[in-house]
Amino acid sequence: VKERLTALSSRYTLALRDYLVDGGEATLLEAYELGRTALGLKLGILEVAALHQEALVSALKLAAPPEGEKLAKRAAEFFVEAVAPHEMSRRGELEAKSVLSEIVRKLEEKVRTTQEELDERARIERLKDEFVSVVSHEFRTPLTSIQGSLGLLRCGVGGGELSPKARRLLDLAQRNVDRLVRLVNDILDLQRLASDGFVFDLAPATIGALLDQAMDANLAYAAQVGVALALGDVPRGARVRVDPDRFLQVMANLTSNAVKHSAPGEAVTIDAGCRDGFVRVNVSDRGPGIPAEFRHRIFQRFAQAEPSLDHGRRGSGLGLSIAKAIVERLEGRIGFEDREAGGTTFFFELPQWEGECPEPPSPGGRP
Ligand SMILES: Nc1ncnc2c1ncn2[C@@H]1O[C@H](COP(=O)(O)OP(=O)(O)O)[C@@H](O)[C@H]1O
Ligand SMILES: [Mg+2]
């Protein structure tokens, strides 16, 4: 460094002498270069000034420069050029700082507005949920009343004989009001599940007893559409800790889906097994299967594939999302797979509650 400083100092002296004597652009360029070298050696402006003073003294000894005003002017011009790199780098630094602080300011602004937007979106989402839940709630009572009245009318409580046409219209109205009631109940269930407002009444129960109840609850609908419902192998004594009503709700969803997608004369089978501390329940059909392009969103709300055989009982597309929410609240998981010879198996697994899995699984049906 010391050597380079000495070199710089003697180059400076020579260049300054040339400029004092002859002036000229080329020498000013050299002054600028010397300034850059000084900057590279980490000299400050004051040190360059000192260097300049020394060089000026030496230069005046070396040559006979012009006198007076011209001399002072040239010395000053040379100095200004020599410190130009310092000036520029300082200005660059200032500029960089102001650009940086502008970027930081904009970023902060962006973060703030994004947060505000997120808050606003969450608020709207909440409002929407509340709205849907209030509306559904308000619908339920009058709908139930309409449902009851229609039922009574169809039973002839209105007095007199019903014409075939009136009966057909009443049947149609009944089917539609049933559907609306199901939809409203589904929406309310989903709402409560999503908001954790659903209190589960948890108690250990054997899978045998639970699946017997599920069979009882769903046999009528299956029979009505000519689909057989069969209980296969079940480890009857294996226990799970569930809210029985919610368990039956999951079973009703999966079973009605399987029945809906079965042709008359086909069978839907329910069975169960134990694996790795979980009890797994399967609901299997021989239906058309789940279309490939629909599989990834089958558990989403309101998701329905192309209408298929639904035996006049159109659903809302909410059943599977409700089933998934319930199973997950019970710390289990739900899924489906294709069956080898065609059809689909929907299954869910729940943690086994104490005790071993009774092996081998005893055949289904009541003991
Ligand atoms: N066992 C099944 N076989 C074929 N498709 C099914 C089966 N279960 C469900 N699906 C498809 O998944 C969709 C969503 O089911 P779900 O959420 O229960 O709604 P919903 O029964 O009201 O239509 C159904 O509309 C149907 O397209
Ligand atoms: Mg369904």
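The values are calculated or read from the model by the stated rules, or taken from the named source; none is laboratory data. In this text the structure is predicted, and so the values were computed from the model without any measurement. Methodologically, a virtual Cβ is constructed for each residue, glycine included, from the backbone with ideal geometry; neighbour enumeration extends over all protein chains shown. Heavy atoms of the whole protein, side chains included, go into the accessibility calculation; ligands, DNA and RNA do not. Shrake-Rupley method; radii C 1.70, N 1.55, O 1.52, S 1.80 Å.
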> How big is the stretch 45-122 in terms of Cα radius of gyration and Dmax, in angstroms?
Replying inline: 25.3, 83
> Based on DSSP H runs of at least 4 residues, each adding -39500 (n - 2.57), what is the mean residue ellipticity at 222 nm of the chain after dividing by all its residues, to the nearest 500 deg cm²/dmol?
Replying inline: -21500 deg cm²/dmol
>> Can you give the log10 of the normalised intensity I(q)/I(0) at q = 0.18, 0.32 Å⁻¹, computed with Debye over equal Cα scatterers of the stretch 1-54?
In response: -0.54, -1.38
> Dipole size in debye (nearest 20) for the chain around its Cα centre, Lys and Arg Cβ +1, Asp and Glu Cβ -1?
Replying inline: 800 debye
>> Using the Cα centre of the stretch 128-258 as the reference point, and only Cβ charges (+1 on K/R, -1 on D/E), how large is the resulting charge dipole? Debye, rounded to the nearest 20.
In response: 420 debye
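May I ask for the net charge around Leu14, where only other residues with Cβ less than 14 Å from the Cβ of Leu14 are counted and Lys, Arg are +1 while Asp, Glu are -1?
After counting each charged neighbour, the total is -2.
Hey, what did the chain get for relative contact order, percent, Cα under 8 Å, at least 6 apart? Walk me through the intermediate numbers first.
Numbers: 467 pairs, mean separation 49.5, N = 367.
Relative contact order for the chain comes out at 13 percent.
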> Could you name the lysines in cross-link range of Lys70, using Cα to Cα under 28 Å and dropping any fewer than eight places away on the same chain?
Replying inline: Lys61
> Percent of accessible area on the stretch 167-325 owned by carbon and sulfur, 1.4 Å probe?
Replying inline: 52 percent
> Counting only heavy atoms of protein chains, what accessible area per residue, in Å², does the stretch 1-133 have with a probe of 1.4 Å?
Replying inline: 71 Å²
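Could the peptides 118-125, 31-38, 7-14 be put in order, highest first, of the mean number of other beta-carbon atoms found within 10 Å of their residues?
On the way: 118-125: 10.0, 31-38: 20.1, 7-14: 16.6.
Answer by packing, highest mean first, reads 31-38, 7-14, 118-125.
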>> I'd like the distance separating the alpha-carbon centroids of the stretch 48-65 and the stretch 66-139, in whole Å.
In response: 45 Å
>> Checking the cross-link filter: which lysines have an alpha carbon closer than 26 Å to that of Lys260, excluding same-chain neighbours under 8 positions apart?
In response: Lys324
> Under 17 Å from the Cα of Lys97, which lysines turn up, not counting those fewer than eight places away in the same chain?
Replying inline: Lys106
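Semi-axes of the equivalent ellipsoid for the stretch 81-203, please: Cα gyration tensor eigenvalues, times 5, square-rooted, ordered largest first, whole Å.
Value: 71, 17, 9 Å, ordered largest first.
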> Using every alpha carbon pair in the chain, what percent of pairs falls into each 20 Å bin from 0 up to the bin containing the largest distance?
Replying inline: 20, 30, 12, 10, 18, 10, 1
> Using 7 Å Cα-to-Cβ label points, what is the Lys73/Ser101 separation (nm, one decimal)?
Replying inline: 4.0 nm
